[in-house]
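Every read-out reported here was derived from the displayed coordinates using simple, explicitly stated rules and does not represent laboratory data. Computed from a predicted model, the values in this text were never measured in an experiment. We place every Cβ from the backbone using ideal geometry, glycine too, and count neighbours over all the protein chains shown.
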Amino acid sequence: MKDNVEFKIEADGTICTVYQEGIEEFARDLGADGLKRSCRASNVEWEEVSGQGKGWTVRAAHDSELAIRLEGDVKVVSRTGPIVVYTTREAALEDEIKQFWKLLPPKESSNG
């Protein structure tokens, strides 16, 4: 496990973080019984993007149109604009981590 872990604890006790080996032990050390539920934020996949060629892309797991895209020269999480096509998986994973919080599915409403 990395030396530094960024996570958020929701009001209901849900812990949100980037998955990595050793996270279960970390949660137990914090006093959790174990990870009861995990939610994939995004997918890093090799694909061919029309007009841009083949490469690695980062798309939200819950909405494949929500992806890391370009807005001018800036990489953003959006449903519009050209999708960033990475030449290496490592570069895609690095940006996936930077954009992790924006790639998560929306929090379910408790007004139900």
Inter-site label distance for Ala91 and Asn43 at 7 Å from Cα along Cβ, in nm: 2.2
Packing-based exposure ordering (other Cβ within 10 Å, fewest first) of Ile9, Ile23, Ile68: Ile9, Ile23, Ile68
